[in-house]
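To start, the structure itself, in structure tokens.
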């Protein structure tokens, strides 16, 4: 416990302007609501050791230029556990954030609920969940920074329930604390690194970088906009393909610019959202996050040219719903030969994940813009496309199915694949004429619109 930074030390890592909020007064019975023998003495010792009277410290501060409500757990006070007094403070912090339209940042370090208060302690999780839900309804971002340890109900509410979850390297993170796990449990599964790999946390952030990281996230998530983002300029070929197969060949060319190049050119800076919060991540197939484009925030979900995994679709749906709630416009980049269709993808719920992304796009009230930058392979690509505001680059195509597979389904010989590509009308200019895309973007930002 001695080597774990206190709540005040954690706050000093991220701000120099912390102003503590007034706390609700609670008059508890001797030794607490259960009359737990020695509870008052334990609290007195914790207070003497830490200088705090509860396991959380709440206040308002500027974090690298953005005003926010901060909640910091004091692990030295009864293991950072949640009791009724903790719930009072957390509920008051959320209420202040809502009343003053401020984002909320939680610096979490907790062992769970306070046993000396029994079920009354456990029900504080419901209070926190209700307060968090009210903040979501108010369209306020919530960010968690996971310190060591983050376990139990604190992880399952303020931690995992945040919009963005950052974690300090090496922190113990998991619902089960070290004393209640199965004896044969792999300790590596209960780490910040494992939670990022499993899609439950977004990124590892060293303590010395936490202030800057929180500052970037807070700035980006607190700048709503009602204008649709413009499509990026084309980075590859500028001339239109002559045939359908020419379009396919150019889209599949290994040297063609991919999502990372487009994102780097479009944003002056960006932060990444990672993981589907269901146990999976697809870092190689779907890039999601928020970036700064010409002074305003734009969210992005970009396929990377590989077959998209179910976790990738769920992460994109998570991104779009968060951006929609915060009023932030979204840019999507389509580039996939199609959804992953192996047995593992089916076991991971490929169909349900794609359906959920279709639903997120369809329900979004925030403006969405899509650019097809490479392969547009069937429904696995269309799920990411904005209806009525999709554009294409000259070195892309969009097809109901790959020409080779279309020929096979239609029982055509391999020699008919190129002719099938033409018949499918998958070139960018064909898509404009069909009304599937609005236009073809050029390298200078020009947009060649076609007839409907």
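Observations, loosely collected:
- Qualifying residues in the range 16-30 (those that are at pLDDT 95 or above and touching a helix residue (DSSP H, G or I) at 6+ places or on another chain (Cβ under 7 Å)) - the one farthest from residue 116 (Cα to Cα): 18
- Residue within the range 198-211 that is assigned to a strand (DSSP E or B) and either over 18 Å from residue 105 (Cα atoms) or free of Cβ contacts under 8 Å to residues at least 40 places away in the same chain (or both) present: yes
- Tally, over the range 254-309, of residues that are free of Cβ contacts under 8 Å to residues at least 24 places away in the same chain and either under 12 Å from the mean Cα position of the chain (by Cα) or closer than 26 Å to residue 355 by Cβ (or both): 2
- Considering 365, 412, the condition of being under 23 Å from the mean Cα position of the chain (by Cα) and in a loop (DSSP other than H, G, I, E, B) is satisfied by 365 alone.
- Residue count for the range 310-341 under the criterion of being under 11 Å from the mean Cα position of the chain (by Cα) and in a strand (DSSP E or B): the result is 0.
- Qualifying residue in the range 153-160 (condition: assigned by TED's automatic domain parsing to the domain that holds residue 212, in contact with a helix residue (DSSP H, G or I) (Cβ under 8 Å, 6 or more places away or on another chain) and more than 15 Å from residue 73 (Cβ to Cβ)): no
- Filter result (surrounded by fewer than 16 Cβ atoms within 10 Å (Cβ to Cβ) and either in contact (Cβ under 8 Å) with a residue 24 or more places away in the chain or not assigned by TED's automatic domain parsing to the domain that holds residue 378 (or both)) within the range 404-424: 423
- Checking every residue in the range 435-451 against the condition of being modelled with pLDDT of 90 or more, surrounded by fewer than 18 Cβ atoms within 10 Å (Cβ to Cβ) and part of a helix (DSSP H, G or I) gives zero matches.
- In the range 375-401, residue modelled with the lowest pLDDT [restricted to those that are more than 16 Å from residue 438 (Cβ to Cβ), surrounded by fewer than 22 Cβ atoms within 10 Å (Cβ to Cβ) and in contact with a helix residue (DSSP H, G or I) (Cβ under 8 Å, 6 or more places away or on another chain)]: 401
- Within the range 215-232, not a single residue is at positive phi, crowded, with 17+ Cβ neighbours inside 10 Å, touching a helix residue (DSSP H, G or I) at 6+ places or on another chain (Cβ under 9 Å) and in contact (Cβ under 8 Å) with a residue 40 or more places away in the chain.
- Evaluated against (1) touching a strand residue (DSSP E or B) at 6+ places or on another chain (Cβ under 6 Å); (2) surrounded by fewer than 18 Cβ atoms within 10 Å (Cβ to Cβ), residue 184 falls short on exactly one condition, (1).
Per-residue answers, yes or no, for (1) assigned to a helix (DSSP H, G or I); (2) under 20 Å from residue 302 (Cβ atoms); (3) modelled with pLDDT of 95 or more; (4) outside the structural domain of residue 274 (by TED's automatic domain parsing):
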position	(1), (2), (3), (4)
213	yes, no, yes, yes
217	yes, yes, yes, yes
238	no, no, no, yes
257	no, yes, yes, no
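- Where a residue in the range 5-20 is assigned by TED's automatic domain parsing to the domain that holds residue 147 and its partner, wherever it lies, is in a helix (DSSP H, G or I) and surrounded by 18 or more Cβ atoms within 10 Å (Cβ to Cβ), with Cβ under 6 Å and at least six apart: 13/210; 14/210; 14/214; 18/11
- Residue within the range 117-127 that is buried (at least 24 other Cβ atoms within 10 Å of the Cβ) and farther than 25 Å from residue 49 by Cα present: no
- Among residues of the range 90-115 being surrounded by fewer than 22 Cβ atoms within 10 Å (Cβ to Cβ) and in a helix (DSSP H, G or I), the one that is modelled with the lowest pLDDT is 115.
The values are calculated or read from the model by the stated rules, or taken from the named source; none is laboratory data. Bear in mind the structure is a predicted one, so any value in this text is a computation, not a measurement. Every residue, glycine among them, receives a Cβ derived from its backbone with ideal geometry; neighbour counts consider all protein chains shown.
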